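Note sheet for the following structure.
Every read-out reported here was derived from the displayed coordinates using simple, explicitly stated rules and does not represent laboratory data. Predicted model only: the values in this text are computed from it and were never measured. Ideal geometry is used to build each Cβ from the backbone, glycine not excepted, and the neighbour counts take in all protein chains shown.
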Amino acid sequence: MISIALCDDEDIYLTKYETMMSDYFKSKKLEFEIIKFKSGESLLFNLEDFKNRFQIIVLDVLMGKINGIDTALKIRQNNEDLKIIFLTSSESFVFNAFDANPVNYLIKNKDDDKLVSVLDKVVSKLNTSVSQDNFIYQTKSTHLSLPNSTIMYFEVYQRIISIHRYNMDTYDFYCTLKELEKLIDEKRYVKVFRSFIVNMQYIQKIYNHQVELKDGTLLPISRNLYDEVKQKFANYLNEHI
């Protein structure tokens, strides 16, 4: 799935370009989500916890306390791969925008017809790049690619896998537990119960044979897995300190 951040301080443009991009991705039969932000500050705050959440960021330039170019430059300090598109009402900042290495600089209303070709270019780059930071599942009928950084845990019920994501909708797909265990990154995920596989990035603490996640979710830990879970989480913490 392609995740897009759309950042603009005017509701009329948030609605307009959300609709245009939604129509584009639907026409290409691509799974997508568009998360809207009304300021550079709110976008940067979100990215503090989830720097790999988005693949595309569409930014207005003229916004409140922090403008779109400064927002993009701050993003670039931690992520060189994000595809940034400036979409603004002013041509005055086009040369300043180059420092943020954008895919393109479009003028609202005037360049609307160019948005499709720009998105084509971005999607092509995303499809040809191999992302080790995504959970990927493919069958003849399903193509699923989600940033691991957004996944809190997998819940297994018979042949239905539910992906619980932080502050996002749950995503369900058909897969067996054995198939799932082959797909996940063992250094990132740990099986805590027969029906739960947890992203260790989201573990707050382990106690009383349960794991508490950063959003307050409590999941049980099997008795026969308890020592293994604690050891694996300790190893994870040592590698990420």
message = Using alpha carbons only, how many angstrom separate the centre of region 1-60 from the centre of region 164-178?
response = 21
request  = Give a quick list of trypsin sites (Lys or Arg not before Pro) in region 52-107 that DSSP marks as loop, anything other than H, G, I, E or B, with at most 14 other Cβ atoms within 10 Å.
outcome  = K65
ask   = Tell me, L119, L219 in order of fewest to most beta-carbon neighbours within 10 Å?
value = L219, L119
note = Listed with the fewest Cβ neighbours within 10 Å leading, I12, I107, I163 appear as I12, I107, I163
remark   = As straight-line cross-link partners of K26, the qualifying lysines (C-alpha separation under 20 Å, not fewer than 8 residues apart within one chain) are K16, K36, K83, K114, K121, K125, K140
note = If the chain between F95 and E228 were fully extended at 0.36 nm per residue, the gain over the current Cα-Cα distance would be 42.4 nm
task = Go through G68, S92, F154 and say which Cα lies farthest out towards the positive end of the charge dipole of the chain; charges sit on Cβ, +1 for Lys and Arg, -1 for Asp and Glu.
result = F154
inquiry  = Placing unit charges on C-beta atoms (Lys and Arg positive, Asp and Glu negative, everything else neutral), compute the dipole magnitude of the chain about its Cα centre in debye, rounded to 20.
reply    = 780
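Treat the count of other C-beta atoms within 10 Å as a stand-in for reagent exposure and order T139, T217 from fewest to most.
Result, fewest neighbours first: T139, T217.
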